[in-house]
Each structure stands twice: as C-alpha cells, then as structure tokens.
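A short worksheet on the structure shown next.
The values are calculated or read from the model by the stated rules, or taken from the named source; none is laboratory data. Only a predicted model underlies this, so the values are computations on that prediction, with no experimental measurement involved. Note: ideal-geometry Cβ built from the backbone for every residue, glycine included; neighbour counts use all protein chains shown. Just so you know, the surface numbers come from the protein's heavy atoms only, side chains and all, with ligands and any DNA or RNA stripped out. Shrake-Rupley method; radii C 1.70, N 1.55, O 1.52, S 1.80 Å.
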Amino acid sequence: MQLVEIHARNWDNRNVAFYYVYGERIDWWQGGAKFILLPSTEEYKVIEEFMLALPSKLGIKVLAGELYLVEGYVKAKYVFDGIIQFKNFMFIDRGGIVLVEWEYGTGLNVTIYSKTTINMSASQISGYGFADWKKRVIRQVEICIPMIGCRKQPIYDSTPTAEIPAGSEVLIVPVEGVIAEFNWQGYTHYLGGCPNLDTADASKTIRGGMILWNREPDYWLTYDAEGLVEVWKVNNWFNEAVWIWPIPHEVKVASAR
C-alpha cells in the first residue's frame, strides 16, 4: 500500500493543524445535526430512569405514602475537541458543542454544533486521526568544520502531516485559521479554517476554502423505538426546516429556531 503525505493550508496560505478522515467514500456536510429522540427510545429512558431514582440518590426517604415524578427537565452543555460519534454520524471540531435537553413525557433532543458531520452509513471509512504541530526530521545534511571534522545535522520540518493511502478520499478539518467571525440572524458565521474534501493521489497540500461556514445543525433527525422515522433539511440562511424523508405527500416547513 502506497502512502502519501497530506498537509492542510488555510485560505491565507498558512499551514494549519487538522483532523482527517479517509476511505473509499466520505459522505459529509458542513455544520452539525439535531437528534430528536421520542420517549420510546432507549436514550430517553436512560435519563428517565435516572430522574425517577434521583430522590433516593439524594437521600430522600418515603416514610409513608408515595413520591413520584410529575415534571422534569435536564439541560447539559458539553464542549468537544476532536472526533466524536453519535448514532451513525461522526462530528469533528475544536470547540464544538453538544447540547442535551430532556423533558419528562416529551422527549430528548441532542443537538451537536460542529464544523463538519460525516454520515457513516453512506461512507466507507478506513481511518482517521489528527495532524498536529511537531518536529520531524525530513533529511540529514553533512556539516564539515576544518580541523574538527564532519557530522550529520538533521533538518526538521514542523508542518502538520498525515499519511494517507494513495487513492483515498480524505476530508481535512482545520482546527485553526479562522480569520473572521460574523453574527447574522442570531448565529455565528466563520471565514477561513473550513473543511475540505480531496483525493490522496499524490503528496499534496489541501487548501481550505474561503467561504462562510457555521456549526448550526443542517439536519433534524427524529427517532422512535424502531429507529429513524423522519428527516428535516435545515436552511439556516432562511431560518426554515423542510421535511425531506420519508418522501412527503405534502410540503412541511417549520421555523429553524
């Protein structure tokens, strides 16, 4: 298997550290996803069981009568640096956000704000990793000093580098290189440092595009006990979500916020 070296360069021509995923096919989009989990799902039940047991965990004892849950809410926010997976999707970012919102009797929402999302069901992924800044020896040179002699001197190159099998599709996700931020319609757009897909057909530098991108969910995916039941496509520019799967008999549009 032939390996080729891959580097990432931002729009402003700076080399940057980057996460990468490679394989025969990478199906991805810029932005995150929102998972709507109905009360019949196992994920919802995990939190429900915790909430039902919470009084006893706190040391509350029922000496007579009964104590039962009638209303409950959970909201938690997490930040991730790296590659995470939920359901059949991978999320890659530095400074991405996972927002968990649970309401008793209603459902559970897991919203992931991410630089990029990979649909693992539609992809053929062989590997992934992180190319960070570190010194590596690229060659040796001979330095000769009269009356002392000659010695080998290593030449270092600290450019973040990934080794990818030739012919693979490779998605690079820079973790630095944002050159501007813009707030529009209540959410943030970024310029620079954006993901890009290319083919590892030779040692090359993959350049991030100079485009506006955001971490907002691009899709809403609804699950019940049997699995995925509904998909909505979000248009963050026009603040609307459109029902796209299963094939609708009528057009359904909802506000994205």
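Scan segment 95-127 for residues that are within 16 Å of Y19 (Cα to Cα) and either of a type in the set (A, V, I, L, M) or buried (at least 19 other Cβ atoms within 10 Å of the Cβ) (or both) and report the count. Before you say what the answer is, go through the steps one by one.
Keep residues of segment 95-127 that are within 16 Å of Y19 (Cα to Cα), which gives 95-96, 114-118, 125-127.
If we keep only those that are either of a type in the set (A, V, I, L, M) or buried (at least 19 other Cβ atoms within 10 Å of the Cβ) (or both) too, we end up with 96, 114-118, 125.
The total comes to 7.
Looking only at segment 14-46, how many residues end up being under 15 Å from L171 (Cβ atoms) and of a type in the set (D, E, K, R)?
The number of residues fulfilling the criteria is 3.
Look at E66 and say whether it is without any contact (Cβ under 8 Å) to a residue 40 or more places away in the chain, open to solvent by 30 Å² or more (accessible area, probe 1.4 Å) and not small (G, A, S). It would help to see each step written out before you state the result.
Values: without any contact (Cβ under 8 Å) to a residue 40 or more places away in the chain: yes; open to solvent by 30 Å² or more (accessible area, probe 1.4 Å): yes; not small (G, A, S): yes.
Yes.
Looking only at segment 71-118, how many residues end up being more than 21 Å from D224 (Cα to Cα) and either in contact with a Ser or Thr (Cβ under 6 Å, 6 or more places away or on another chain) or touching a residue at least 60 places away in the same chain (Cβ under 8 Å) (or both)? Can you show your working first?
The initial filter retains those residues of segment 71-118 that are more than 21 Å from D224 (Cα to Cα), namely 71, 76-84, 91-97, 113-118.
Restricting the remaining residues to those that are either in contact with a Ser or Thr (Cβ under 6 Å, 6 or more places away or on another chain) or touching a residue at least 60 places away in the same chain (Cβ under 8 Å) (or both) gives 81-83, 91-94, 96-97, 113-118.
Residues in segment 71-118 being more than 21 Å from D224 (Cα to Cα) and either in contact with a Ser or Thr (Cβ under 6 Å, 6 or more places away or on another chain) or touching a residue at least 60 places away in the same chain (Cβ under 8 Å) (or both): 15 in total.
When only residues in segment 27-59 that are assigned to a helix (DSSP H, G or I) and closer than 23 Å to V234 by Cβ count, which is farthest from the chain's Cα centre (by Cα)?
Start the filter on segment 27-59 by keeping residues that are assigned to a helix (DSSP H, G or I), which leaves 42-57.
After this cut, where a residue has to be closer than 23 Å to V234 by Cβ as well, the list is 43-44.
Details: E43: 20, Y44: 22 Å.
In this case the residue turns out to be Y44.
Taking F130 as the residue in question, decide whether it is in contact with a Leu (Cβ under 8 Å, 6 or more places away or on another chain), more than 30 Å from F50 (Cα to Cα) and surrounded by fewer than 21 Cβ atoms within 10 Å (Cβ to Cβ).
Numbers: in contact with a Leu (Cβ under 8 Å, 6 or more places away or on another chain): no; more than 30 Å from F50 (Cα to Cα): yes; surrounded by fewer than 21 Cβ atoms within 10 Å (Cβ to Cβ): yes.
So F130 fails the test.
Name, by its number, the condition in (1) surrounded by 12 or more Cβ atoms within 10 Å (Cβ to Cβ); (2) modelled with pLDDT of 90 or more that does not hold for L191.
So the condition that L191 fails would be (2).
Just for segment 173-187: of the residues that are at pLDDT below 90 and outside any loop (DSSP other than H, G, I, E, B), which one is least open to solvent (accessible area, probe 1.4 Å)?
Only one residue fits best here, namely Y187.
Taking the conditions exactly as written (modelled with pLDDT of 90 or more, more than 17 Å from A33 (Cβ to Cβ), buried (at least 20 other Cβ atoms within 10 Å of the Cβ) and touching a Lys or Arg at 6+ places or on another chain (Cβ under 6 Å)), does V170 satisfy them or not? Explain how you work it out, then say what you get.
Details: modelled with pLDDT of 90 or more: yes; more than 17 Å from A33 (Cβ to Cβ): yes; buried (at least 20 other Cβ atoms within 10 Å of the Cβ): yes; touching a Lys or Arg at 6+ places or on another chain (Cβ under 6 Å): no.
No; evaluated as a whole, the condition is false for this residue.
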